[in-house]
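A.B. asks: One structure, as structure tokens, below. Some questions next.
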Amino acid sequence: MNAAFAYDAWYPLAWSRDVGRELTTRRVLEEDLVVYRTEGGSVAALDDACPHRLAPLSLGTLRGDAVECGYHGLTFDCSGSCVSAPGMPRPPLSAQVRSYPTSESMGMVWVWMGDPRRADPAQVFRLPQYDDPTYSVVEGDALPVQANYLSLADNLCDPTHVVYVHKTTLASAGREETRVQHERQGNKVVTWRWVIDGPLIPVFQGLKDFGGANVDRWHYYHYHAPCIAVIDFGSARTGTGAPEGNRDDCIQMYACHFITPIDQRSCMQHWLVLKNSPADPAVDARLRDSLRLAFNEDKRVLEAIQRNEDKPREWKRVHLALDGSSIKMRRIVEEMAASSSA
Amino acid sequence: MNAAFAYDAWYPLAWSRDVGRELTTRRVLEEDLVVYRTEGGSVAALDDACPHRLAPLSLGTLRGDAVECGYHGLTFDCSGSCVSAPGMPRPPLSAQVRSYPTSESMGMVWVWMGDPRRADPAQVFRLPQYDDPTYSVVEGDALPVQANYLSLADNLCDPTHVVYVHKTTLASAGREETRVQHERQGNKVVTWRWVIDGPLIPVFQGLKDFGGANVDRWHYYHYHAPCIAVIDFGSARTGTGAPEGNRDDCIQMYACHFITPIDQRSCMQHWLVLKNSPADPAVDARLRDSLRLAFNEDKRVLEAIQRNEDKPREWKRVHLALDGSSIKMRRIVEEMAASSSA
Amino acid sequence: MNAAFAYDAWYPLAWSRDVGRELTTRRVLEEDLVVYRTEGGSVAALDDACPHRLAPLSLGTLRGDAVECGYHGLTFDCSGSCVSAPGMPRPPLSAQVRSYPTSESMGMVWVWMGDPRRADPAQVFRLPQYDDPTYSVVEGDALPVQANYLSLADNLCDPTHVVYVHKTTLASAGREETRVQHERQGNKVVTWRWVIDGPLIPVFQGLKDFGGANVDRWHYYHYHAPCIAVIDFGSARTGTGAPEGNRDDCIQMYACHFITPIDQRSCMQHWLVLKNSPADPAVDARLRDSLRLAFNEDKRVLEAIQRNEDKPREWKRVHLALDGSSIKMRRIVEEMAASSSA
């Protein structure tokens, strides 16, 4: 049931704002890491266990850029090499903890969990709009979800659940039986739907004045396997040509979800939103609250699904047309896992 | 150690008073069910998992007599057939959840967990005194017990524990070394004991005035395998011929226990009492409190036994004469399990 | 990973002060025992399960020196023999619970978990200073530690962790790179270190006035396998010949740790301190608080290590010179386990 992890990938580790000159811990792909910022400002990530007695290094002390174990004082630099061992003129050569490459982008620290020789910081995800001054950023939470990360990924490839799960936030009134399309593009799956000539959805209220007119609304779900979803959604006044590509006068948002697989039964959902309107504390707070509510609605469903999946019984499963994106996305993750070298 | 379940049987599902027009859940024989009352007043019970992504149907919405899944809107009628699937002209034929026959009797909803073709509502248990106007009903609780249901069944076939466990409620002062008898009658085991010429026990105090005279007291434990115990107990003034069958002027109660096996380590004990005296709020409240206390005394012992049984070690066990009822009762359950077709 | 238990040994069971005429329970080497004091003042320890239905005897009633089961009244004397069974003229010969030899020494009840024929109360541990009127006793706690008892034993063979874990209590300022020595003596490992011409450590402050002079400090860790650590530590004014054996005018303490292995992942650390100065409520309370703080510092590290050891992964381990004591101590426990007959 559980898919193998794709180790050769950049995973979100922590918000940059949460990593400083203290030892902190994160769990990724079933590994516990001790994480800290060096004096030079980069981020170090090491296995959180001293190879002597397995005391977590995070219980120790940061000395310059090195970590001193809190039990016997073995000290490791940020490459994981032991630079000092008590009572020994030089540390044993075998004293080494694994160090993980990191990089920062979009306010997040990213970690490479596979073969370090394959880690290329240039491949860390960065949405162009993040550097576009006409966009403002609303940073959200780190939401823990007690479900397999691919179940959350299913959810983030899927426009059809919105009307059932997010009645008060992301859905318009009434059913939305418009056609969903999708396609694979390399290691990405794009899924999209248009709703033509409908009312503004609740989260867009107050962002732009369309004078009460109906809008055309789009949802493009870009899933970058294995752990990134970017949902491009927006609205323009009906009849102004948005479906044909004219979005000069529209509301546009990119909801970015950076998923950390913790283990096979839990993940951390980091999210932020880019919007093509200036930062505004009141508007941004309302948007953040509204999305927080929506993502907790998903969490509730996904955790209940996980509890059913954990039961020791066979299930007869039904597949629907809407599963196409999920099937493609999971196939990409399988391919990435098979070619990984952890 | 764990006995197989007897699927072909009616099991207590919920108090009728607790099943209405909302989706609720119950767990029976390791299956989670979504339970609700139809517009016509009958009770529907379905597997609580949508066969698409395994979201619990209980998180969805009741629409008429059908349940709409809260994730993607698949809709199932109360026979478990899918009547609507999003984005599809007609639902896949394979989209089906299991539906369980139900019936109501004695204020309880009962569910048939085996082959539906063998379900006969005429066989649902009903004690004749439940419809006798000279009896009044005191409905009790749904008491969760973290023990195998057959361990609770042992307890409800067993008059000899009373003096050790229920010193302040159901026992009279002093040891009760009177003879216990038992016999199998079809799929029922009856176990009984008489105590001749003794004082009134605490729970009977105030129900009838015997002028301080001693009484003859009987206990008949009727265990209807696999999940129903009816304890007929009462007292009549000594010398008036109760042992010979004359109970014209007596206190008589039927303590009915309807046990829902939840899994191999827990069950739900639903209980009610019938007594041959009119309903009286003060008397009934006192009786309910007293029995609640007594059944919690059993719960404490049974849960401690379960914890010992769960330990990974071998036990040398001793069998006593009083185990005769339990052995017969468990043999009946084994027979019922062997002939079941789940 | 888990070492077999050495059954043929005396283990600490409970503080003598905590065992009286009530039924209490203790868990030792994965066995639950019911423990009580007899009318004659000795301590009885029986398996805490009635062999009839496995009800814990500790839920029953102490009747004289016998225990009556709280479910059906089977009664066992303190040798574990059943002396009464309900409804039977004499109890079945097979009705027997295991009884464990006990003894008392140094304020503790000790229990023999192996073959009772090998139990020799004369071998129960007793430190000579416990009976020396120039010493006073400070009895500490029963500290539960969620770690394998041998991990705590490692800690109690190890002078080198002090400066990293106990900065504010047991360590002096600065590193202590003095030489650690150790040797096996029968079933005991002794590990020691001297610190010459250093400041008084915090826990010794106020016990003796050295006029601000520096001291020579010793630590002798006597580990009596499998479960007793006695740490002889003290200080004398530098230059008065303490290293050569002259300790006429010194602070001397024996920190005694009596470890009860509960199961492979938890143990109970009973500790007391003997000191060569009179009992003094204020001084003793301060000493107790200080040591309590120190032992909780160890607990925090040891429990974190256990959580790492419990992870389903392989670890590359490093061995250091300081592991010599631990290796010898664990070898002794293996030898004792191999020759035990549980």
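A.B. asks: Please work out if C:Ala337 is in a helix (DSSP H, G or I) and either surrounded by fewer than 17 Cβ atoms within 10 Å (Cβ to Cβ) or modelled with pLDDT of 95 or more (or both).
C.D. replies: Values: in a helix (DSSP H, G or I): yes; either surrounded by fewer than 17 Cβ atoms within 10 Å (Cβ to Cβ) or modelled with pLDDT of 95 or more (or both): yes.
Spelling it out, C:Ala337 is indeed in a helix (DSSP H, G or I) and either surrounded by fewer than 17 Cβ atoms within 10 Å (Cβ to Cβ) or modelled with pLDDT of 95 or more (or both).
A.B. asks: Okay, moving on. Only one of C:Asp8, C:Asp32 is without any contact (Cβ under 8 Å) to a residue 40 or more places away in the chain and of a type outside the set (Gly, Ala, Ser). Can you tell me which?
C.D. replies: So the residue among C:Asp8, C:Asp32 that is without any contact (Cβ under 8 Å) to a residue 40 or more places away in the chain and of a type outside the set (Gly, Ala, Ser) is C:Asp32.
A.B. asks: Could I ask something else about it? List, please: which pairs have Cβ atoms under 6 Å, are six or more places apart or on different chains, and start with a residue in segment A:48-67 that is more than 9 Å from chain C (Cβ to nearest Cβ) and end with one that is among the charged types (D, E, K, R)?
C.D. replies: Going by the 6 Å Cβ cut-off, the qualifying pairs are A:Leu57/A:Asp48; A:Asp65/A:Glu39; A:Ala66/A:Asp77.
A.B. asks: Of the residues C:Val109, C:Val83, which single one is outside the structural domain of C:Val195 (by TED's automatic domain parsing) and open to solvent by 30 Å² or more (accessible area, probe 1.4 Å)? Let's see the steps before the verdict.
C.D. replies: Details: C:Val109 fails: open to solvent by 30 Å² or more (accessible area, probe 1.4 Å).
C:Val83 is the lone residue from the list that is outside the structural domain of C:Val195 (by TED's automatic domain parsing) and open to solvent by 30 Å² or more (accessible area, probe 1.4 Å).
A.B. asks: Within segment A:89-99, identify whether any single residue is surrounded by 22 or more Cβ atoms within 10 Å (Cβ to Cβ) and facing chain C (nearest Cβ under 7 Å), and answer yes or no.
C.D. replies: Here is the first cut: in segment A:89-99, the ones surrounded by 22 or more Cβ atoms within 10 Å (Cβ to Cβ) are A:95, A:97.
Add one more test, that the residue is facing chain C (nearest Cβ under 7 Å), and what stays is A:95.
Yes.
A.B. asks: Right, something else. Of all residues in segment C:114-137 being crowded, with 18+ Cβ neighbours inside 10 Å and over 15 Å from the mean Cα position of the chain (by Cα), which is nearest to C:Pro281 (Cα to Cα)?
C.D. replies: C:Tyr135
A.B. asks: Hey, another quick one. May I ask you to verify whether B:Ala142 is part of a helix (DSSP H, G or I), of a type outside the set (D, E, K, R) and either in contact with a strand residue (DSSP E or B) (Cβ under 7 Å, 6 or more places away or on another chain) or exposed (fewer than 15 other Cβ atoms within 10 Å of the Cβ) (or both)? Before the answer, list the steps.
C.D. replies: Values: part of a helix (DSSP H, G or I): no; of a type outside the set (D, E, K, R): yes; either in contact with a strand residue (DSSP E or B) (Cβ under 7 Å, 6 or more places away or on another chain) or exposed (fewer than 15 other Cβ atoms within 10 Å of the Cβ) (or both): yes.
Answer is no for this residue.
A.B. asks: Please enumerate the residues belonging to segment A:3-46 that are closer than 13 Å to A:Trp112 by Cα and acidic (Asp, Glu).
C.D. replies: Matches in segment A:3-46: A:Asp8, A:Glu31.
A.B. asks: Condition test on C:Tyr164, is it hydroxyl-bearing (Ser, Thr, Tyr) and either free of Cβ contacts under 8 Å to residues at least 60 places away in the same chain or buried (at least 22 other Cβ atoms within 10 Å of the Cβ) (or both)?
C.D. replies: Numbers: hydroxyl-bearing (Ser, Thr, Tyr): yes; either free of Cβ contacts under 8 Å to residues at least 60 places away in the same chain or buried (at least 22 other Cβ atoms within 10 Å of the Cβ) (or both): yes.
Here the answer is yes, as C:Tyr164 does meet what is asked.
A.B. asks: Quick one: would you say B:Ala122 is assigned to a loop (DSSP other than H, G, I, E, B) and out of contact with any strand residue (DSSP E or B) (no Cβ under 6 Å at 6 or more places or on another chain)?
C.D. replies: Working: assigned to a loop (DSSP other than H, G, I, E, B): no; out of contact with any strand residue (DSSP E or B) (no Cβ under 6 Å at 6 or more places or on another chain): yes.
No.
A.B. asks: Only residues that are in contact with a helix residue (DSSP H, G or I) (Cβ under 6 Å, 6 or more places away or on another chain) and either part of a strand (DSSP E or B) or closer than 25 Å to A:Glu309 by Cα (or both): list them for segment B:8-45, please.
C.D. replies: Pass one, segment B:8-45, residues in contact with a helix residue (DSSP H, G or I) (Cβ under 6 Å, 6 or more places away or on another chain): B:8, B:23, B:25, B:34.
Within segment B:8-45, B:Leu23, B:Thr25, B:Val34 qualify.
A.B. asks: Checking C:Leu23 against (1) open to solvent by 30 Å² or more (accessible area, probe 1.4 Å); (2) out of contact with any strand residue (DSSP E or B) (no Cβ under 9 Å at 6 or more places or on another chain); (3) not acidic (Asp, Glu), which test does it fail?
C.D. replies: Just one mismatch for C:Leu23, condition (2).
A.B. asks: Given the condition within 19 Å of B:Met113 (Cβ to Cβ), open to solvent by 30 Å² or more (accessible area, probe 1.4 Å) and either touching a Ser or Thr at 6+ places or on another chain (Cβ under 7 Å) or hydroxyl-bearing (Ser, Thr, Tyr) (or both), answer yes or no: does some residue in segment B:59-67 qualify? If you could, list the steps in order and put the result at the bottom.
C.D. replies: Start the filter on segment B:59-67 by keeping residues that are within 19 Å of B:Met113 (Cβ to Cβ), which leaves none.
No, segment B:59-67 contains no residue that is within 19 Å of B:Met113 (Cβ to Cβ), open to solvent by 30 Å² or more (accessible area, probe 1.4 Å) and either touching a Ser or Thr at 6+ places or on another chain (Cβ under 7 Å) or hydroxyl-bearing (Ser, Thr, Tyr) (or both).
A.B. asks: Also: Could you list, ordered by first residue, the pairs with Cβ atoms under 6 Å in which the first is in segment C:72-83 and under 15 Å from C:Ala45 (Cβ atoms) and free of Cβ contacts under 8 Å to residues at least 40 places away in the same chain and the second is of a type in the set (Ser, Thr, Tyr) and open to solvent by 10 Å² or more (accessible area, probe 1.4 Å), at least 6 apart or interchain?
C.D. replies: Close Cβ pairs satisfying both conditions: C:Ser79/C:Ser99; C:Gly80/C:Ser99.
A.B. asks: If A:Val180 satisfies every condition in (1) under 22 Å from A:Asp284 (Cα atoms); (2) under 25 Å from the mean Cα position of the chain (by Cα) but one, which is the exception?
C.D. replies: So A:Val180 meets the others, but not (1).
A.B. asks: While we're looking at this one, here's another question. For the subset of segment A:275-297 comprising residues that are among the hydrophobic types (A, V, I, L, M, F, W, C) and in contact (Cβ under 8 Å) with a residue 12 or more places away in the chain, which member is most open to solvent (accessible area, probe 1.4 Å)? Don't jump to the end; show me each part of the working.
C.D. replies: First, pick out the residues of segment A:275-297 that are among the hydrophobic types (A, V, I, L, M, F, W, C): A:279, A:282-283, A:285, A:287, A:291, A:293-295.
Retained after the next criterion (residues that are in contact (Cβ under 8 Å) with a residue 12 or more places away in the chain): A:279, A:283, A:287, A:291, A:293-295.
Details: A:Ala279: 73, A:Val283: 33, A:Leu287: 8, A:Leu291: 3, A:Leu293: 89, A:Ala294: 0, A:Phe295: 14 Å².
Only one residue tops the list, namely A:Leu293.
A.B. asks: Another question about this same structure. Please find, within segment C:298-319, the residue that is nearest to C:Ala153 (Cα to Cα) out of those that are more than 9 Å from chain A (Cβ to nearest Cβ) and open to solvent by 40 Å² or more (accessible area, probe 1.4 Å).
C.D. replies: Ranking the qualifying residues of segment C:298-319, first place goes to C:Lys299.
A.B. asks: Just one of (1) in a loop (DSSP other than H, G, I, E, B); (2) touching a helix residue (DSSP H, G or I) at 6+ places or on another chain (Cβ under 6 Å); (3) crowded, with 19+ Cβ neighbours inside 10 Å trips up A:Thr169, so point out which.
C.D. replies: Exception for A:Thr169: condition (3).
A.B. asks: How many of the residues making up segment B:320-333 are surrounded by fewer than 19 Cβ atoms within 10 Å (Cβ to Cβ), hydrophobic (A, V, I, L, M, F, W, C) and more than 8 Å from every other protein chain (Cβ to nearest Cβ)?
C.D. replies: Adding up the residues that qualify gives 1.
A.B. asks: Residues of segment A:199-234 being in contact with a helix residue (DSSP H, G or I) (Cβ under 6 Å, 6 or more places away or on another chain) and over 16 Å from A:Val283 (Cβ atoms), which ones? Walk me through it before giving the result.
C.D. replies: Taking segment A:199-234 as the starting set, the residues that turn out to be in contact with a helix residue (DSSP H, G or I) (Cβ under 6 Å, 6 or more places away or on another chain) are A:203, A:216, A:219, A:223, A:225-226.
Passing the criteria: A:Asp216, A:His219, A:Tyr223, A:Ala225, A:Pro226.
A.B. asks: Which one of A:Ala44, A:Ala55 is of a type in the set (A, V, I, L, M), out of contact with any strand residue (DSSP E or B) (no Cβ under 6 Å at 6 or more places or on another chain) and crowded, with 20+ Cβ neighbours inside 10 Å? It would help to see each step written out before you state the result.
C.D. replies: Values: A:Ala44 fails: out of contact with any strand residue (DSSP E or B) (no Cβ under 6 Å at 6 or more places or on another chain).
Result of the check over A:Ala44, A:Ala55: A:Ala55.
A.B. asks: State all residues of segment C:62-84 that are closer than 28 Å to C:Pro144 by Cβ and assigned to a strand (DSSP E or B); if no residue qualifies, say none.
C.D. replies: Matches in segment C:62-84: C:Leu62, C:Val67.
The values are calculated or read from the model by the stated rules, or taken from the named source; none is laboratory data. Please read these numbers as outputs of a predicted model, since none were measured by experiment. Positions of Cβ are generated from backbone atoms using ideal geometry, with glycine treated the same way; all protein chains shown enter the neighbour counts. Note: areas computed on protein heavy atoms with side chains; ligands, DNA, RNA excluded. Shrake-Rupley method; radii C 1.70, N 1.55, O 1.52, S 1.80 Å.
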